[in-house]
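The values are calculated or read from the model by the stated rules, or taken from the named source; none is laboratory data. Model, not experiment: these values are computed from the prediction. Counting neighbours? That spans all protein chains shown, and the Cβs are built from the backbone with ideal geometry, glycine included.
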Amino acid sequence: MNFNLEHFKESLIYGLAYLPNTLSLVFVPLVIGLTFGTVIALVRVYKVPVIGWLMAVFVTVYQGIPIVVALMIYNLIFMLKFNDLAAFLHLKKSISDMNNIWVGIFALSMAAVCSISEAVRGALLSIDKGQNEAGYSVGLTTIQTIRRIIIPQMIPVAIPMLINNVVGLIKASSVVMAIGIVEIVAGATIPSSRTYSFFEGYVAAAVIYWGFTVVVESLAQRLKKYTGKFRRNLYD
Amino acid sequence: MGKLFVWDRFFENIPKILPYLSVTFSIVVYATLFGVLLGISIVLVQIKKIPVLVQIVKVYVSFMRGTPMLVQLMLVYYGIPALFDPVFGTNINREWGAVNFAYVTFILNQGAFLSAIFYSAITSISYGQTEAGLSVGLTEFQTFHRIVLPQMVKTAMPPFGSDLVGLFQNSSLVFLIGVTDIMGRAKTIGTATKHVLEAYVFIVLIYIIISLGVRLLFFRLNNKMSFGKEEMG
Amino acid sequence: MKNRMRHFVFAGFLTLLLGAVLTGCGKKETSTGSGAAKVVIGTGNSYEPYCYLDDKGNLAGYEYEVLKAVDELLPEYEFEFKTSDFANVLISLDAGKIDIGAHQYEWNKERDEKYLFGKESYTTYVTYLAVVGDKSDVKSLDDLQGKKVKSSTGSNSAYILETYNKDHKDDPIKIDYVNNSTDEETVTGLLNGVWDATIMTSRDTDKLNKNYGEGKEVIKVIGDPVQTSSTYFVFAKGNTKLQEAVDGALKQLKENGTLAKISVDIIGGDYTESE
């Protein structure tokens with residue numbers, strides 16, 4: 001087996017062309033995950049009756065499902081039921097107008113909500129209970145305490161875990177190729193179906209992902225320094 | 001199109017899929033056993049700061065953490081024989097089944113991830129602990145064995161548990177290189193019986209049960225290792 | 001002490017598991033003492049009725065039966081089968097993991113540049129555009145510009161579509177590469193308009209109609225064939241010795257009617273010479 005540099009370069013270009021797809025597969029779920037994940041974490045940490053328990057069960061169970069399998073199931077249901085759903089909601093769209101990248105985004109968002117809620121919950125739990133009491137004692141409401149005291153302290157603790165989540169999402173986004181969404185891996189192997197240089201295609205995909213995650217991690221390092229700036233740390 | 005989900009088909013699939021759990025489990029067992037060994041070796045290299053090796057290990061860990069499992073599977077499946085066979089005069093390219101390459105990929109991947117978990121666990125223990133041990137006359141090995149290691153294991157336990165849950169899930173990708181695990185079997189049942197949803201739903205249940213089992217196990221272990229410390233929050 | 005006991009039990013359990021796994025792996029390595037050269041066949045696992053896994057998880061289908069018959073005529077070779085998904089078969093051939101690729105491969109120029117094709121075909125393969133039964137606005141590839149067509153990586157239909165797009169860069173066909181999809185997904189997607197068309201043989205649409213149509217023609221082929229071709233076994237470049245041996249055996253199977261019989265038994269009609 002010879003490594004063909006020409007084909008590798010072609011795969012690299014094709015893979016990069018689909019970077020925007022991977023970006024939306026990462027950042028949309030990230031935003032959704034951060035929003036709902038934080039809400040779920042707060043609901044669980046502040047032990048909201050019934051909902052807190054339901055969320056705990058949902059997150060624990062859902063985290064057991066591999067993304068590929070969930071994706072396959074959602075895709076099948078999407079293909080079968082989308083037109084009914086659109087008719088029900090009186091949308092003037094049919095499935096042929098829809099890009100199935102949304103199925104991928106949905107599956108990844110569900111996974112992101114769960115894992116981010118766990119990260120945020122861990123960070124919330126790491127904050128001493130006394131901080132809540134301090135907030136209440138100066139007359140803040142629960143919401144105010146959370147917003148002004150708990151969340152600012154939580155962020156530096158949560159960041160390393162969140163970065164892991166982002167890197168995890170970047171990598172997980174590659175499985176959507178199983179339902180025909182073209183992202184980096186599928187993009188990099190498009191020329192391969194003509195040239196049959198699949199190995200070069202996979203190497204190209206690996207290089208792009210690696211570069212992507214290294215950039216994210218180095219940005220994260222800076223962010224960590226920045227958000228930790230006002231935090232007194234005895235060990236630093 | 002007929003019905004999407006039929007319970008009869010669901011139950012028919014169970015005996016067809018269950019035997020393939022052994023494939024999923026063997027991948028996880030191999031990856032964990034050898035992954036722990038590899039992870040420890042990597043941490044040793046990092047802590048002892050062995051020149052050259054440190055840099056190699058850094059690149060290796062970064063690569064394993066920065067690229068998707070799917071791509072790693074392909075690279076190992078096609079790339080490792082191309083690197084090894086000419087050098088060692090072996091012929092693993094043809095003699096090994098796809099499942100062996102799956103083992104190798106998962107061991108390499110787990111080694112990197114576990115090394116990160118072990119490394120942060122070991123560095124989370126302040127050097128004061130070691131000094132304390134040495135000052136009461138323990139040898140270096142005794143200090144490590146009796147003071148540092150137990151604390152390290154406790155810190156590493158929770159991330160190790162979630163890593164294991166993730167490992168079970170990731171093993172579902174091996175069907176892409178032609179290993180028939182429970183996922184691959186579900187897919188091929190879909191081809192042979194024309195209906196795939198029931199098989200998927202069944203393996204989702206299996207994965208959920210496994211993940212709950214692993215979590216419960218680690219929850220128990222974690223409680224056992226509390227060493228009289230009270231849990232916060 | 002109780003704790004220690006537990007450790008032993010756990011260690012014992014692990015050893016047992018490991019042992020079981022190792023012996024499981026070792027099984028395959030037997031039966032190579034007969035002196036016959038081992039030939040590894042790469043085929044797929046989800047293209048019914050050509051190559052798929054049966055109820056017990058064993059490889060079954062047309063490719064398997066034909067190659068088994070070929071093997072019987074060639075005492076100097078011993079065939080062994082390796083399955084993977086479609087896109088991986090030719091890469092495995094490229095990487096030297098397998099000696100013969102068997103997955104209803106049609107001849108095309110790009111493939112021919114990289115691999116050695118058998119000279120003796122074993123099935124005809126006439127592909128058409130396939131659309132849902134009540135669709136009438138699509139007659140040829142030209143009607144599909146700007147529309148979505150399902151294909152898969154490394155397939156001949158991808159090759160046809162990409163070649164078409166090369167000449168029609170202004171308004172190309174949107175190719176959806178869906179790898180290892182099941183028939184169920186294909187039918188569902190076409191019926192619900194996820195894809196406007198796909199490329200397949202008329203015997204594939206017959207099969208889909210039989211399995212999912214409940215007697216109706218839900219999917220139909222239209223217009224003239226997109227490509228009229230046959231399928232061949234694919235070998236690594238330079239492996240002419242094996243190729244000639246297999247071709248010879250195939251020829252014999254055709255002449256004595258065995259091939260036609262396998263085709264009728266498994267595909268449901270004689271597709272070995274013409275449609």
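For the stretch C:200-211, the criterion of being under 21 Å from B:Phe5 (Cα atoms), surrounded by fewer than 19 Cβ atoms within 10 Å (Cβ to Cβ), without any contact (Cβ under 8 Å) to a residue 24 or more places away in the chain and more than 14 Å from chain A (Cβ to nearest Cβ) is met by at least one residue.
Condition check ((1) modelled with pLDDT of 90 or more; (2) in contact with a Lys or Arg (Cβ under 9 Å, 6 or more places away or on another chain)) across all residues:
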position	(1), (2)
C:Lys109	no, no
C:Lys114	no, yes
C:Tyr125	yes, no
C:Ala130	yes, yes
C:Lys135	no, yes
C:Val138	no, yes
C:Leu144	yes, yes
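Restricting the stretch A:40-60 to residues that are among the β-branched types (Val, Ile, Thr) and surrounded by fewer than 15 Cβ atoms within 10 Å (Cβ to Cβ), the residue that is nearest to A:Ile163 (Cα to Cα) is A:Val57.
Residues in the stretch C:108-131 that are within 14 Å of chain A (Cβ to nearest Cβ) and touching a strand residue (DSSP E or B) at 6+ places or on another chain (Cβ under 6 Å): C:Tyr115, C:Leu116, C:Phe117, C:Val131. Annotation: of all residues in the stretch A:196-205 being in a helix (DSSP H, G or I) and buried (at least 24 other Cβ atoms within 10 Å of the Cβ), the one that is modelled with the lowest pLDDT is A:Phe198.
Annotation for the stretch C:239-246: at least one member residue is touching a Phe, Trp or Tyr at 6+ places or on another chain (Cβ under 9 Å), outside any loop (DSSP other than H, G, I, E, B) and surrounded by 22 or more Cβ atoms within 10 Å (Cβ to Cβ). Mind checking which residues of the stretch B:178-214 are at the interface with another protein chain (Cβ under 7 Å from one of its Cβ atoms) and either among the acidic types (Asp, Glu) or part of a loop (DSSP other than H, G, I, E, B) (or both)? Correct list: B:Gly178, B:Thr180, B:Lys194, B:His195, B:Val196. Count of the stretch C:212-234 residues, restricted to those that are farther than 30 Å from C:Ala245 by Cβ, in contact with an Asp or Glu (Cβ under 8 Å, 6 or more places away or on another chain) and in contact (Cβ under 8 Å) with a residue 40 or more places away in the chain, is 0. The residues listed here are A:Leu140, A:Leu91; of these, the one that is without any contact (Cβ under 8 Å) to a residue 60 or more places away in the chain, assigned to a loop (DSSP other than H, G, I, E, B) and either of a type in the set (S, T, N, Q) or touching a Lys or Arg at 6+ places or on another chain (Cβ under 9 Å) (or both) is A:Leu140. Selection of the stretch A:9-49 for residues being of a type in the set (Lys, Arg) and out of contact with any Gly (no Cβ under 6 Å at 6 or more places or on another chain) yields A:Lys9, A:Lys47. Among the residues of the stretch C:58-93, those that are assigned to a strand (DSSP E or B) and in contact (Cβ under 8 Å) with a residue 40 or more places away in the chain comprise C:Tyr77, C:Glu78, C:Phe79, C:Glu80, C:Phe81, C:Lys82, C:Thr83. Scan the stretch C:213-238 for residues that are within 14 Å of chain B (Cβ to nearest Cβ), in contact with a strand residue (DSSP E or B) (Cβ under 9 Å, 6 or more places away or on another chain) and not in a strand (DSSP E or B) and the total you get is 2.
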